[in-house]
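Here the structure comes first, spelled out in structure tokens, and everything after it is commentary.
The values are calculated or read from the model by the stated rules, or taken from the named source; none is laboratory data. For clarity, every value in this text was computed on a predicted model and none was experimentally measured. All Cβ positions, even for glycine, are placed from backbone atoms using ideal geometry, and neighbour counts span all protein chains on display.
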2 protein chains.
Amino acid sequence: MLNEFELIRRLSGRLPAPPPEVVVPIGDDCAVLRLGDELWTAAADMLVEGRHFRGWASPEDVGYKAVAVNVSDVAAMGGVPRFILASGGASDSETTLRCMDGVMEACEEFGVYPLGGDTTGAATLTVDVAILGQLERVPVLRSGARPGDLLAVTGELGASAAGLLVLEGGGVGSERLVKKHLRPEPRVEAGLLAARLGAQAMIDLSDGLASDVRRVCEMSGVGCRIDLSLLPIAGDTRKYLRSAGRDPETVAATGGEDYEILIAAPEEVVEALKARSETPITVVGEVTETDVVFVRAGDIVENLSGWDHFAGS
Amino acid sequence: MLNEFELIRRLSGRLPAPPPEVVVPIGDDCAVLRLGDELWTAAADMLVEGRHFRGWASPEDVGYKAVAVNVSDVAAMGGVPRFILASGGASDSETTLRCMDGVMEACEEFGVYPLGGDTTGAATLTVDVAILGQLERVPVLRSGARPGDLLAVTGELGASAAGLLVLEGGGVGSERLVKKHLRPEPRVEAGLLAARLGAQAMIDLSDGLASDVRRVCEMSGVGCRIDLSLLPIAGDTRKYLRSAGRDPETVAATGGEDYEILIAAPEEVVEALKARSETPITVVGEVTETDVVFVRAGDIVENLSGWDHFAGS
């Protein structure tokens, strides 16, 4: 299936010269505009039943998550989420309204103000959110990583993927893991703090660390070495994944939908961030000159890539 | 099916106090933000197969129209369309990409710059566009009509509805009418000029004059008298509708999707607009103290309301 990068390639070929307001065009977590004397980020993400969720997600969960994943894109630029437009539809009005209730709940949770949107009938539950975020300084892009930077992640990895496995398996398992999947917690405070402290590059972990770190490396023209044994995996995540016959480190690196932030920054910045962030910060590797390498117990791990949850569906 | 007004009611009940940037909240053609020293409009519209179009629309048409209808919302505020985010999906990648090609074609046509968006798989072709427009002065709202203002419309009415009838009837009929339905021409120049000249209220005609003028009257706390015999209906529209056994004036008042602008303004403003606008401007009635009244040949026409193309589908 088409991904964001194919889209960007297709659109970029037809893009006219950007207007003077465009500081960052399509291709990062958000585009960035200078409006008057202010910097604003813009992004959109769409969730569709059967592609991003199934019947195990309530309409409220879906609306909430559509806002949360957009907030995560703003967080990964070092911005503060401010305004959204939300469009959605389902096969009946009640489902559409319940989805919009989830949108509103997320707006309250993340301090985002809804400017409008659209509702319609649709064969399957679909919601698209466009977000405007505000920057207090130049954005942290995917392209700024430099050899010698440390690579750190906020929070924890693999819990959302474990929660998805619980849901797909019929919902028997940890409520905490399920909630991590259905109601992600975007890292606005940590992203803002990392930007203030001097992070060089950031990306939000939507497709999984193994895929997303490649994007940072490609756009920065660098390589990296990630040590899977360093990945922050919670005890309940580890326990559930083992019981399900899955390797916790592999799932944590490839499962996706963590909505944590991957940060490339000099060691002193990472240390300052660790000291001041309310969200745990864990060093998982470092930026190198070339080649994206994953190791575990000193051995190189091959063929680690993103995991397409619903491939073919 | 749920409409925009039910959504606004549902959301408004949960809206927190607007941030200081919000000049106009949800409920007009666009919301308006003051960002730095600039005024910006924000809106979104979603098109879904089976609700807004059927197989007679190419994916390119759908992408193009999704941008055009959003541009029309900006035009109705007196703004200039500037930036979009476009999200879309279909059951195969090629359809999605063709839809995005239509989005890009419309961006070129309307001078709008695409900041990004999202693509995904979806059961049926779906596209959502969010738009940012720029205002050079305070926006023209739906709520500013005053008794004594004239009511005028840009361009022509009923051609899009006639084109839809052609398409639904198998496509035998005027190519011009079909194109009016598939590729609307939002009235940016006329909207901007009307705002500069002092229009009191504007709305874009998406649901049909009979419905949309009621919204202006409700939000302005006024009434109106519209003379159906004054509606600007082109010769080919009239001819086709008669041949299809439809009353041209009724279709022009209720068919919808005209994407013309309804303008309430004092007579001298309408005269100045007529003299200077490249788009034809036609007076169709006047604003009164109370009651929304439609007349034809001196007789009151009852039960004139919007036309839900795909009601029940």
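Out of the residues in segment B:17-51 meeting the condition of being surrounded by fewer than 23 Cβ atoms within 10 Å (Cβ to Cβ), more than 7 Å from chain A (Cβ to nearest Cβ) and not hydrophobic (A, V, I, L, M, F, W, C), tell me which one is farthest from the chain's Cα centre (by Cα).
B:PRO20
Taking the stated definitions as given, is A:ARG146 over 28 Å from A:LEU177 (Cα atoms), more than 7 Å from chain B (Cβ to nearest Cβ) and either surrounded by fewer than 24 Cβ atoms within 10 Å (Cβ to Cβ) or not β-branched (Val, Ile, Thr) (or both)?
Values: over 28 Å from A:LEU177 (Cα atoms): yes; more than 7 Å from chain B (Cβ to nearest Cβ): yes; either surrounded by fewer than 24 Cβ atoms within 10 Å (Cβ to Cβ) or not β-branched (Val, Ile, Thr) (or both): yes.
For A:ARG146, the condition - over 28 Å from A:LEU177 (Cα atoms), more than 7 Å from chain B (Cβ to nearest Cβ) and either surrounded by fewer than 24 Cβ atoms within 10 Å (Cβ to Cβ) or not β-branched (Val, Ile, Thr) (or both) - is met.
Kindly indicate the residue of segment B:44-57 that is in contact (Cβ under 8 Å) with a residue 60 or more places away in the chain and among the small types (Gly, Ala, Ser) and also nearest to A:ASP45 (Cα to Cα) among those meeting that condition.
B:ALA44
Which helices (runs of 4 or more DSSP H) sit wholly inside segment B:211-313 and have at least 3 residues that are free of Cβ contacts under 8 Å to residues at least 24 places away in the same chain?
Details: elements: B:235-243, B:248-254, B:267-276.
Answer list for segment B:211-313: B:235-243, B:267-276.
For segment A:132-139, does any single residue satisfy the condition of being within 30 Å of B:ARG51 (Cβ to Cβ), acidic (Asp, Glu) and either within 14 Å of chain B (Cβ to nearest Cβ) or not in a helix (DSSP H, G or I) (or both)? Even if it seems obvious, please write down each step before you answer.
Filtering segment A:132-139 down to residues within 30 Å of B:ARG51 (Cβ to Cβ) leaves A:132.
So of that shortlist, the ones also acidic (Asp, Glu) come out as none.
No: segment A:132-139 contains no residue that is within 30 Å of B:ARG51 (Cβ to Cβ), acidic (Asp, Glu) and either within 14 Å of chain B (Cβ to nearest Cβ) or not in a helix (DSSP H, G or I) (or both).
Select, from A:PRO280, A:PRO266, A:PRO248, the only residue that is over 23 Å from A:PRO184 (Cβ atoms) and outside the structural domain of A:GLY78 (by TED's automatic domain parsing).
A:PRO266
Kindly provide the set of residues from segment A:153-204 that are among the basic types (Lys, Arg) and either in contact with a helix residue (DSSP H, G or I) (Cβ under 9 Å, 6 or more places away or on another chain) or not assigned by TED's automatic domain parsing to the domain that holds A:ARG246 (or both), ordered by number. Steps first, answer last, please.
We begin by selecting, within segment A:153-204, every residue among the basic types (Lys, Arg); these are A:176, A:179-180, A:183, A:187, A:196.
Within segment A:153-204, A:ARG176, A:LYS179, A:LYS180, A:ARG183, A:ARG187 meet the criteria.
Only one residue in B:ARG14, B:ARG10 is part of a loop (DSSP other than H, G, I, E, B), at pLDDT below 90 and either within 17 Å of the chain's Cα centre (by Cα) or facing chain A (nearest Cβ under 7 Å) (or both), so which one is that?
B:ARG14
For segment B:80-131, which residues satisfy the criterion of being assigned to a loop (DSSP other than H, G, I, E, B), at pLDDT below 95 and more than 8 Å from chain A (Cβ to nearest Cβ)?
B:SER91, B:ASP92
Would you point out the residue of segment A:108-143, among those that are surrounded by 24 or more Cβ atoms within 10 Å (Cβ to Cβ) and of a type in the set (Gly, Ala, Ser), that is farthest from A:ALA42 (Cα to Cα)?
Only one residue tops the list, namely A:ALA122.
Look at segment B:215-237 and say how many of its residues are crowded, with 18+ Cβ neighbours inside 10 Å and basic (Lys, Arg).
Of the residues in that region, 1 qualify.
For B:LEU167, indicate whether it is aliphatic (A, V, I, L, M) and more than 28 Å from B:SER220 (Cα to Cα).
On the way: aliphatic (A, V, I, L, M): yes; more than 28 Å from B:SER220 (Cα to Cα): yes.
Answer is yes for this residue.
Just to be sure I understand, how many residues within segment A:9-45 are closer than 17 Å to A:PRO81 by Cβ, touching a Gly at 6+ places or on another chain (Cβ under 9 Å) and aliphatic (A, V, I, L, M)?
7
Does any residue of segment B:175-192 turn out to be within 14 Å of another protein chain (Cβ to nearest Cβ) and outside any loop (DSSP other than H, G, I, E, B)? Let's see the steps before the verdict.
Going residue by residue through segment B:175-192, those that are within 14 Å of another protein chain (Cβ to nearest Cβ) are none.
Checking segment B:175-192: not a single residue is within 14 Å of another protein chain (Cβ to nearest Cβ) and outside any loop (DSSP other than H, G, I, E, B).
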